[in-house]
1. Out of all DSSP beta bridges in chain A, what portion is antiparallel? Express it as a percent rounded to 5.
2. Label points 7 Å out from Cα along the Cβ direction at A:N98 and B:Q35: separation in nm?
3. Check cross-link reach from A:K61 to the aspartates and glutamates: straight Cα distance under 17 Å, and skip same-chain residues fewer than eight apart.
4. For B:6-18, what's the mean count of beta carbons from other chains sitting within 10 Å of each residue's beta carbon?
5. Rounded to the nearest 5, what is the percent of antiparallel bridges among the DSSP beta bridges in region A:157-308?
6. Just counting partner chain Cβ atoms within 10 Å, what average do the residues of peptide A:304-310 show around their Cβ?
7. When the Debye formula is applied to the Cα atoms of region A:119-244, each taken as the same point scatterer, what base-10 log of I(q)/I(0) results at q = 0.12, 0.15 Å⁻¹?
8. Hey, what angle do you get for helix B:23-40 against the long axis of chain B, alpha-carbon based, 0 to 90 degrees rounded to 10?
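Here, each number is a calculation from the coordinates, and none is a lab measurement. All figures in this text were calculated on a predicted structure; none of them were measured in a lab. Here the Cβ is made from the backbone with ideal geometry for all residues, glycine too, and neighbour counts use every protein chain on show.
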Amino acid sequence: MSIVGKTTGELLDSMNQGELSSVEIVQAFLDEIGRRDNEVNAFLSVRPEKALEEAKEVDQKISAGEQLGLLAGIPIALKDVLCTEGETTTCGSKMLENFVPPYDAHVVQRLKKSGVISLGKVNMDEFAMGSSTENSAFKTTGNPWNVEHAPGGSSGGSAAAVGANMAPLSIGTDTGGSIRQPASFCGVVGMKPTYGRVSRYGLVAFASSLDQVGPMANDVSGAATLLEAIAGHDHRDSTSINCPVPSYSDSVDKPLEGLKIGVADEHFGEGLGDEVRKSVENSLDVYRSQGAKIVNISLPHSKYAVAAYYLIAPSEASSNLARYDGVHYGYRTENFDNMIDMYAASRGEAFGDEVKRRIMLGTYALSSGYYDAYYLKALKVRRLIRQDFDQAFEKVDVIASPVTASPAFKIGELSDDPLAMYLSDIYTISANLAGLPGISVPVGLSGNDLPIGLQLLGPAFEEDRLFRAARMFEKETDWKTLKVS
Amino acid sequence: MSQKLTRGDVTKVALLARLKLSDEELDTFTSQLSQVLQYVDVLNEVDTENIEPMAHAIEVSNVFREDEVQPSLSREAALQNAPLTDGSHYLVPQILENATPES
């Protein structure tokens, strides 16, 4: 098998056995970027010299017999929303086009410690607002399976890089489905960890009570190892939780005995495409054949999740994005009358449509006279959504559902209809509101050869259970042969 | 909960949000935001009597640490991304009228 087709575990084994050097591995992925990325357009910046230099250091450490980190020598693509010291971090926005962070995000520090090697930064919807990566100020990324289709978003570059074999691993962020939906569209594994599992320090903020950083990979075990590398407490993020991080990479291959999988009617109703329905049902059969029990559950408030989310997330965004003032960093307009006009013109010129829309929506929802009716109401519904999950997890170990209603839509198909785009997150958004972990694992192909994902949700801090459950499916099947029509 | 959103409302919100919008943007946003607000009205179906609002996914209260000096960014690093500085301060347009800037 070619180097770029290998999983993280296989690459680590090849290095351990002296069959491949990190330099050879990094070079192979850089070559693949050169071959594929003019078509896919996942990368915003590539760092070939630095990556090869770092790979050489890893190789030297290997020959010197030094102790190495968990992912030493393995290449990765980073969503351009994480601050990288001395390396441009754009967030997909004209506002931060020339922003060079003076510090590393916690996740980036942890990645460096693990020995992983960054190939570069990848494309995203501006400020992570979107579901197609079309909202990037810089380029439109194509789905590696068919570049006329969207890779999903907002972590579309991260998913497309892995889906096109341009990296075995990538980092994404998920505020309403932004890891799981693109993972599903591009046929890769993606996990949103429990809120608080991974530090948000140095992550450019969108909606602080919902944002979470997570792993994407070409197999479940790679994602498990990557989460192990980045998870854990950090005093610089007061919402990061101080609880032990299990060794996900050790446990991922152990199947779960007597697994009870919850299935909610609310996830299989009107709007779900036939191909996705079939694919998800087939995957449940695979679990049944391994002794899992499928149990009906109810999530009665899930139909209100999108509405609650599109009040809560824009409200938080309107507050978070107030920091872009044309003074401290970022874009400043050249033409203005006074201070207030300088703020408004800088923001008006540098933010794209979707970011403006959400700032407007959030400002409205928080404004005097509307706060109780919109923002507070949404927060109450949020609690009811969480309570539904708490009750469901008294009966089942995980909840299985589609990730999206259909496979990847075409580029441009939803870009003029914000509400339709918002509704594409209908199955993923609840997990963010409730703060729960969720994984998307590829389970089949549509009639026109686009990947379909299965979402598994778990109770807080049970990422280990989700990796093991996802691995049970992956081990038993070759999803690329499971075509529905 | 929502009355119909007018172009005047959108203009006011744009001012609050410090966003300079074109006439065309004001028109588009008036119709698109109305559509979204109409959609979120579905929340009115839910009985939330006696339900506490949930502002955060994991409910943590204040997190304290010892009040000790920690390393932080140097002045140079803090200023390096600013659009305009004098080398030691951020520079902004004049705010007070009739004030003479010191040179």
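1. Working: 29 of 46 bridges.
For chain A, the DSSP antiparallel bridge percentage is about 65.
2. The answer from the label model is 3.7 nm.
3. A:D13, A:E19, A:E24, A:E53
4. Details: counts 0, 0, 0, 3, 2, 0, 3, 10, 7, 3, 8, 15, 16.
What the average comes to for B:6-18 is 5.
5. Numbers: 8 of 13 bridges.
Antiparallel: roughly 60 percent of the beta bridges in region A:157-308.
6. Values: counts 5, 0, 3, 9, 5, 1, 4.
Taking the mean over all residues of the peptide, I get 4.
7. After summing over all Cα pairs, the log10 values are -0.39, -0.61.
8. 50
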